[in-house]
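This report concerns only the one structure given below.
The values are calculated or read from the model by the stated rules, or taken from the named source; none is laboratory data. Given the structure is predicted, the values throughout are model-derived calculations rather than measurements. A quick note on method: Cβ atoms are made from the backbone with ideal geometry, for glycine too, and the neighbour counts reach across all protein chains shown.
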Amino acid sequence: MIMTPRLVVLSGYPSSGKTTIARYMQRELGFERVASDDLRLMLFGVAHPELMKDPEYNLKEWEILWPLIDRGKAYLLTIGRDVVVDSTAAFNDLRRTLLNTRYGNVEIPAEKYLAIIHVDKEVLRQRDHPDAIETWNSFWNEPESNPIGYEVLSYVNNTPEDREAIQRDLRRRFEKRGELFVPKNA
């Protein structure tokens with residue numbers, strides 16, 4: 001039986017726990033993890049805040065990084081893999097782009113989910129990037145209220161107990177599947 005692959009896009013402020021959740025999904029639920037921060041470090045040798053200071057930021061971010069993420073995501077979905085995209089994805093246009101499964105003139109069938117990770121601002125200030133809050137406040141859009149083609153999952157991640165509840169819910173929704181089907185023409 002061929003199972004439709006699942007695409008989960010994580011969205012939340014820096015230090016909201018997206019990477020911890022994405023790694024959990026990779027390790028425990030069998031998802032392939034596509035991480036914008038890891039790719040920035042690999043390609044450009046710097047994290048997002050430093051890359052924003054680069055005079056070629058727009059070229060590097062929008063002409064190189066995001067198309068690479070899109071191609072990687074499309075390839076993994078095409079071969080039947082579940083994918084979690086680990087990205088701040090602060091605005092709705094980018095969220096829609098990351099949830100788009102059309103590649104070229106082909107629509108790749110996939111179940112699609114946007115997981116928003118909410119954290120109280122005071123809790124964020126105590127985590128790794130307290131200075132990022134003001135920067136991301138200017139970019140952040142609340143998720144669309146009536147999305148078409150994907151389900152919005154909303155989580156709060158202020159405490160270790162919250163993180164455990166998120167993991168329980170993700171395990172319930174996305175229990176690891178059996179053997180992978182890989183199409184012969186992939």
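Within the stretch 99-108, can one find any residue that is at pLDDT 90 or above, in contact with a Phe, Trp or Tyr (Cβ under 7 Å, 6 or more places away or on another chain) and in a loop (DSSP other than H, G, I, E, B)? No - not one qualifying residue is present in the stretch 99-108.
For beta carbons closer than 8 Å, sequence separation of 6+ or different chains, a first residue in the stretch 67-93 that is surrounded by fewer than 17 Cβ atoms within 10 Å (Cβ to Cβ) and in a loop (DSSP other than H, G, I, E, B) and a second that is among the β-branched types (Val, Ile, Thr) and at pLDDT below 90, the qualifying pairs are Ile79/Val182. Scanning the stretch 122-158 for residues that are at pLDDT 85 or above and among the hydroxyl-bearing types (Ser, Thr, Tyr) turns up Tyr150, Ser154, Tyr155.
Restrict the check to the stretch 8-17 and report whether at least one residue is in a helix (DSSP H, G or I) and of a type outside the set (Gly, Ala, Ser). No - not one qualifying residue is present in the stretch 8-17. Determine if the stretch 4-13 includes at least one residue that is hydroxyl-bearing (Ser, Thr, Tyr) and surrounded by fewer than 16 Cβ atoms within 10 Å (Cβ to Cβ). Yes: one or more hits.
Here Tyr13 clears all of (1) without any contact (Cβ under 8 Å) to a residue 24 or more places away in the chain; (2) in contact with a Phe, Trp or Tyr (Cβ under 7 Å, 6 or more places away or on another chain) except the condition numbered (1). Within the stretch 18-37, the set of residues being more than 23 Å from Leu124 (Cα to Cα), out of contact with any strand residue (DSSP E or B) (no Cβ under 7 Å at 6 or more places or on another chain) and part of a helix (DSSP H, G or I) comprises Arg27, Glu28, Leu29. Between Glu161, Glu142, Glu122, the distinction of being among the charged types (D, E, K, R), without any contact (Cβ under 8 Å) to a residue 12 or more places away in the chain and not in a helix (DSSP H, G or I) belongs to Glu142 only.
Test Val85 against the criterion of being of a type outside the set (Asp, Glu), under 18 Å from Leu153 (Cβ atoms) and touching a helix residue (DSSP H, G or I) at 6+ places or on another chain (Cβ under 6 Å), and give yes or no. Considered against the rule, which asks whether it is of a type outside the set (Asp, Glu), under 18 Å from Leu153 (Cβ atoms) and touching a helix residue (DSSP H, G or I) at 6+ places or on another chain (Cβ under 6 Å), Val85 comes out as yes. Out of the residues in the stretch 19-47 that are closer than 28 Å to Glu164 by Cβ and hydrophobic (A, V, I, L, M, F, W, C), which is modelled with the lowest pLDDT? Going through the qualifying residues, I end up with Ala47.
For the stretch 38-61, residues that are in contact with a Lys or Arg (Cβ under 8 Å, 6 or more places away or on another chain), more than 22 Å from Thr20 (Cα to Cα) and part of a loop (DSSP other than H, G, I, E, B) total 1. Does the stretch 51-58 contain any residue that is at pLDDT 90 or above and of a type in the set (D, E, K, R)? No, every residue in the stretch 51-58 fails to be at pLDDT 90 or above and of a type in the set (D, E, K, R). Which ones in the stretch 125-139 are assigned to a helix (DSSP H, G or I) and either within 20 Å of Val84 (Cα to Cα) or touching a residue at least 12 places away in the same chain (Cβ under 8 Å) (or both)? The answer is Ala132, Ile133, Thr135, Trp136. Would you call Tyr113 touching a Lys or Arg at 6+ places or on another chain (Cβ under 8 Å) and either of a type outside the set (Lys, Arg) or buried (at least 18 other Cβ atoms within 10 Å of the Cβ) (or both)? Against the criterion (touching a Lys or Arg at 6+ places or on another chain (Cβ under 8 Å) and either of a type outside the set (Lys, Arg) or buried (at least 18 other Cβ atoms within 10 Å of the Cβ) (or both)), Tyr113 qualifies.
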